[in-house]
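What follows draws every value from the coordinates through simple rules; no lab data is involved. Keep in mind the model is a prediction, meaning the values are calculated, not measured.
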Amino acid sequence: MDIGIIGFGRFGQLSVEYLSEDYPVYVFSRSASNQQIQAAGGLASRLEEVCARDIVLPTVPISAFEETVQTIAPLLRDNLLIDACSVKEYPADIMRKYIPEPTQILATHPMFGPDSAGVTLKGQKIVLCPLRVSDGIYDKINRYLKRKGLTVIETTPENHDRQIAKSQVLTHFIGRGLSEFGAEEVDIDTEGYKRLLTILEVVGQDTRQLFLDLNKYNRFAAHMRKSFIEALVDIDEELQ
């Protein structure tokens with residue numbers, strides 16, 4: 001089996017480093033040099049070569065996913081397209097719309113990145129949403145991920161987006177709020193305040209584009225933000 005990766009950002013590079021331990025990984029990138037790709041364990045390739053691999057994994061921003069899928073759709077054949085977006089309903093709909101059979105499609109969300117899994121994958125989580133994939137291929141992927149030490153969570157795209165609107169989107173929302181507020185280290189602090197500041201560290205490593213995309217492409221995000229703000233207002237009014 002071989003793997004093709006489109007994009008070589010922080011997560012794309014991490015994917016190449018781990019996957020190349022076990023499989024040949026072909027990489028298409030408009031920005032990274034051949035030397036950078038080779039240093040991570042990948043093989044710098046043309047887009048057509050990448051799309052001919054057994055598994056094709058676009059590691060692009062959510063906002064660029066539809067355009068990417070439209071571009072590669074004519075190049076895919078009897079292989080498997082996997083997304084790794086932080087939302088699931090949107091990429092699932094895009095893949096169903098543009099990718100005809102016999103190409104198979106699988107939606108995933110690796111719940112980690114270079115900062116949390118830079119040393120090992122053990123203990124990290126990955127979400128799988130089988131859309132149009134054979135049992136044999138799905139089982140093979142599932143077993144491989146578990147051998148790498150990952151905890152596999154199978155669910156639907158809708159359930160994923162409902163839960164992630166609280167766990168990830170809310171975290172980023174609070175983190176961006178703390179940043180705009182100007183939260184910083186102080187001499188007279190508490191352990192609780194120190195933990196609060198760790199949210200700044202988490203969101204500070206991610207791009208603003210990811211923050212915008214998480215909110216734009218998750219239909220549950222707006223309601224989550226509204227509910228959270230209303231709760232804060234209620235607490236503030238209680239203190240008047």
> Reachable lysines from LYS148, Cα under 28 Å, same-chain residues fewer than 8 places away excluded?
Replying inline: LYS88, LYS122, LYS125, LYS140, LYS166
>> Nearest 10 degrees is fine. How inclined is helix 135-147 to the longest principal axis of the chain, computing both from alpha carbons?
In response: 60 degrees
> What Kirkwood hydrodynamic radius, in Å, does region 1-119 give when the mean of 1/r is taken over all pairs of distinct Cα atoms and then inverted?
Replying inline: 14.2 Å
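Using the Cα atoms as the points, what is the convex hull volume per residue of the chain in Å³?
On the way: hull volume 34.0 nm³, N = 240.
Residue-normalised Cα hull volume stands at 142 Å³.
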> So for region 96-163: antiparallel DSSP bridges make up what percent, rounded to the nearest 5?
Replying inline: 60 percent
> Based on the Cα coordinates of region 145-215, what is the per residue volume of their convex hull in Å³?
Replying inline: 133 Å³
